[in-house]
Amino acid sequence: MHTLLAFSNWLHATKLSWAVTHYPWIWPGAETLHFIGLAMMVGAIGLLDLRMLGVAKQLPIGPLHSLVPWGIAGFGINAVTGFLFFAGDPFQYINNIAFLWKMIFIALAGLNILAFYGAGVYRSISTLGPGADAPFSAKVIAGSSLFLWAGVMYWGRMLPFIGTAF
């Protein structure tokens, strides 16, 4: 916790932090981009997850997986804009339990992605054609992914309402 506080003190003293809080267009611009990034990420990854769970089984999984780079781009947009929010006033985040839970859910979603690719689950679904069922392991990862990203969105939305921030 001491390291996070020291980092927050340093970050709050930067020109970036000053800019985020003093230029009135940065925060709403970042909010807009954050929403677009979220839509890209959840749209691309959510489609793949839902297909693995058996929704729209008439679609082959391969073309849906080709949307994953859009999801990665969306995550990148969210990482940059999220850092801007944090840089603007790190103290409203570091003591907020909703922020902690959001970061936990993001970390767990990252581990879930590692399991999908690292454990070879992707190889087991990459050639599934229309009408084919994904293996149970893919369904568990897909269900976990949907739950975890919904949790990230929930805890992100709760930031202004839980704790002492904002």
Rounded to the nearest 500, what is the chain's calculated 222 nm mean residue ellipticity when only DSSP H runs of at least 4 contribute -39500 (n - 2.57) each, over all residues?
-24500 deg cm²/dmol
Give me the distance between the Cα centres of segment 58-104 and segment 114-129, rounded to whole Å.
22
Prolate/oblate/rounded call for the chain, Cα gyration tensor, a/c under 1.5 rounded:
prolate
With a 1.4 Å probe and all protein chains kept in place, how do LEU38, LEU16, LEU47, LEU11 rank by accessible area, largest first?
LEU47, LEU16, LEU38, LEU11
Give me the percent of the accessible area of segment 21-166 that comes from carbon and sulfur atoms, probe 1.4 Å, all protein chains in place.
76
What accessible surface, in Å², does a 1.4 Å probe find on PHE161, ignoring ligands, DNA and RNA and rounding to the nearest 10?
130
Where a Cα-Cα gap under 20 Å defines reach, which aspartates and glutamates qualify for LYS57, not counting those fewer than 8 residues away within the same chain?
ASP49, ASP133
Mind checking the full-extension length gain between THR127 and TYR154? Use 0.36 nm per residue of separation minus the Cα-Cα distance, one decimal, nm.
6.4 nm
With everything on Cα atoms, drop me the angle between helix 97-118 and the longest principal axis of the chain, reported from 0 to 90° to the nearest 10.
30
I'd like the FRET efficiency for HIS2 and SER137, computed as 1/(1 + (r/R0)^6) with the beta carbon distance as r and R0 of 35 Å, rounded to 0.05.
0.30
As straight-line cross-link partners of LYS102, the qualifying aspartates and glutamates (C-alpha separation under 20 Å, not fewer than 8 residues apart within one chain) are GLU31, ASP89
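The values are calculated or read from the model by the stated rules, or taken from the named source; none is laboratory data. If you're wondering where the values come from, they're calculated on a predicted model, not measured in any experiment. Because the Cβ atoms are built from the backbone with ideal geometry, glycine has one as well, and the counts that use them run over all protein chains shown. Quick note on the areas: whole protein, heavy atoms, side chains included, nothing else; ligands and nucleic acids left out. Shrake-Rupley method; radii C 1.70, N 1.55, O 1.52, S 1.80 Å.
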